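Remarks on the structure that follows.
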Amino acid sequence: MKKFLLISLLLSCFFTFSQVPQLTENTEISVVTIGPGQLLNDSFGHNGFRVKNSFQDVVYDYGRYNFEDPNFYTNFAKGKLDYLMGASNTKDVFSYYQSQNRTIKEQVLNLNQEQKATLLNYLANNYKPENRAYLYDFFYDNCATKMRDVLETVLNGAIEYKTPKAYKAETFRVLIQNNLHWNSWGSLGIDIALGSVIDRTAQPRDYMFLPENIFQFFDNASLGISKKPLVKQTHVIYTQNGAFKKGSFFTSPLFILSIFGLLILYITYIDKKNNKRSKWLDGILFSLTAIIGIFLLLLWFATDHSATAHNYNLLWACPISIIALFQVFKNITNQWFIGYLKLLIIMLFLMTLHWCIGVQGFAPALIPILIALFFRYIYLIQLFSSNSSK
């Protein structure tokens, strides 16, 4: 059933909307807000403009992308992904999101006929094939910020926002994580991949990169000199029925990484007891941390992703470990490798300091691994120092 609804929604984009949105006396234009879904890419919700009159009932949104683009995955990795404006039959849109058990809310905009005509002309022009694409940015140019930016353009900036009662000054990272469970793989991946640039406090206007915040800010906004409310009516089309099913704790990052961390500590204990070293373990640890570090460096310097810069996860996932990897298979290592191990411990302390003073937030699920790495490095320093002194 869900596949059928998705196919219907996609087909409606191609066959239903060859005409431009029409203005009639009974035309109503609304902002539709879709609640979060169960999948990671649905966790932050969605927005669109609904145009409803006697001739049509259409949702225009800015959240489409073309998987058929031969450069899709390359552009996605580089941070140069074009998103598209799209249009679908409202009935199909609502049926699709109800099938996903996602809340649907609608805010009817308090616009006069002239303002409606200007907005419809803007949407019609934007819907032309040559105008649909835009360079996506998660924080500053997405399906939610388009609602704000399009309205401000159409109304010549004549919108005054008031911060909602529930407003609380937060960092971009906290705003993201408020939509995720902290002990999920999506949350872990975001905290590892995104750098300290998202740990600054967001300004009230910046909050509108999230669809639900578009709903909250529009609900408190007014129009120009008249001071009339931007929203004249609010409708709840569908309310989520119960909470989404959470994954098992036994497949969560904290559990899996705790098992991995305990295994590292146990092997280190056995090694110390027998005065030996499991080279295979060190090979795995140095390989994994180096690969992750190289990946984070590429995200920082080799892509246009603005949120991946200044990532202090590099303090534990150090790319230089790919060079040091050749030393871990030796019984007696070079003196510089002992110094490098000491540097790794210092960087773990620096990471903790960055975390404590708020320079960057890190994934709590990483703690078992960080503790295990600390004790493993301590043991290796003791062992190699002892061997080199003989």
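Within segment 79-92, residues that are outside any strand (DSSP E or B) have Cβ atoms under 7 Å from residues that are of a type in the set (Ser, Thr, Tyr) and open to solvent by 40 Å² or more (accessible area, probe 1.4 Å) in these pairs: Leu81/Tyr65; Leu81/Tyr136, counting only partners at least 6 apart in sequence or on another chain.
For segment 247-264, a tally of residues being buried (at least 18 other Cβ atoms within 10 Å of the Cβ) and part of a helix (DSSP H, G or I) returns 5. Taken over segment 194-248, the criterion of being over 18 Å from Gln177 (Cα atoms) and among the hydrophobic types (A, V, I, L, M, F, W, C) is satisfied by Phe215, Phe217, Phe218, Ala221, Leu223, Ile225, Leu230, Val231, Val236, Ile237.
Answer yes or no as to whether Thr308 is over 19 Å from Ile369 (Cα atoms) and buried (at least 20 other Cβ atoms within 10 Å of the Cβ). So Thr308 fits the description; yes. Per the listing Ala87, Ala124, Ala117, the residue uniquely crowded, with 20+ Cβ neighbours inside 10 Å and small (Gly, Ala, Ser) is Ala87. Within segment 228-243, if we keep just the residues that are touching a residue at least 12 places away in the same chain (Cβ under 8 Å), assigned to a loop (DSSP other than H, G, I, E, B) and not β-branched (Val, Ile, Thr), the residue that is farthest from Val59 (Cα to Cα) turns out to be Gly242.
In this structure, Asn179 does not satisfy being in contact with a helix residue (DSSP H, G or I) (Cβ under 8 Å, 6 or more places away or on another chain) and assigned to a loop (DSSP other than H, G, I, E, B). Residue count for segment 269-287, restricted to those that are in a helix (DSSP H, G or I), closer than 17 Å to Ile381 by Cβ and open to solvent by 40 Å² or more (accessible area, probe 1.4 Å): 3. Each residue in segment 270-286 was checked for being touching a helix residue (DSSP H, G or I) at 6+ places or on another chain (Cβ under 6 Å) and small (Gly, Ala, Ser), and 1 pass.
You will find that of Ile323, Ile291, Ile345, the residue that is assigned to a helix (DSSP H, G or I) and open to solvent by less than 70 Å² (accessible area, probe 1.4 Å) is Ile345 and no other. Conditions: (1) among the small types (Gly, Ala, Ser); (2) open to solvent by 60 Å² or more (accessible area, probe 1.4 Å); (3) at pLDDT 95 or above. Ala365 meets all but one. Number of the miss? Among (1) among the small types (Gly, Ala, Ser); (2) open to solvent by 60 Å² or more (accessible area, probe 1.4 Å); (3) at pLDDT 95 or above, the lone unmet condition for Ala365 is (2). Scanning segment 348-362 for residues that are out of contact with any Ser or Thr (no Cβ under 6 Å at 6 or more places or on another chain) and in a loop (DSSP other than H, G, I, E, B), we see that the one that is nearest to Ile320 (Cα to Cα) is Phe362. The listed residues are Gly63, Gly48, Gly157, and the only one of them that is free of Cβ contacts under 8 Å to residues at least 12 places away in the same chain and of a type in the set (Gly, Ala, Ser) turns out to be Gly157.
The values are calculated or read from the model by the stated rules, or taken from the named source; none is laboratory data. Since the model is a prediction, treat every value here as computed from it, not as a measurement. FYI the Cβ positions are ideal-geometry reconstructions off the backbone, even for glycines, and counts take in every protein chain you see. These accessible areas exclude ligands, DNA and RNA; they are computed on the full protein's heavy atoms, side chains included. Shrake-Rupley method; radii C 1.70, N 1.55, O 1.52, S 1.80 Å.
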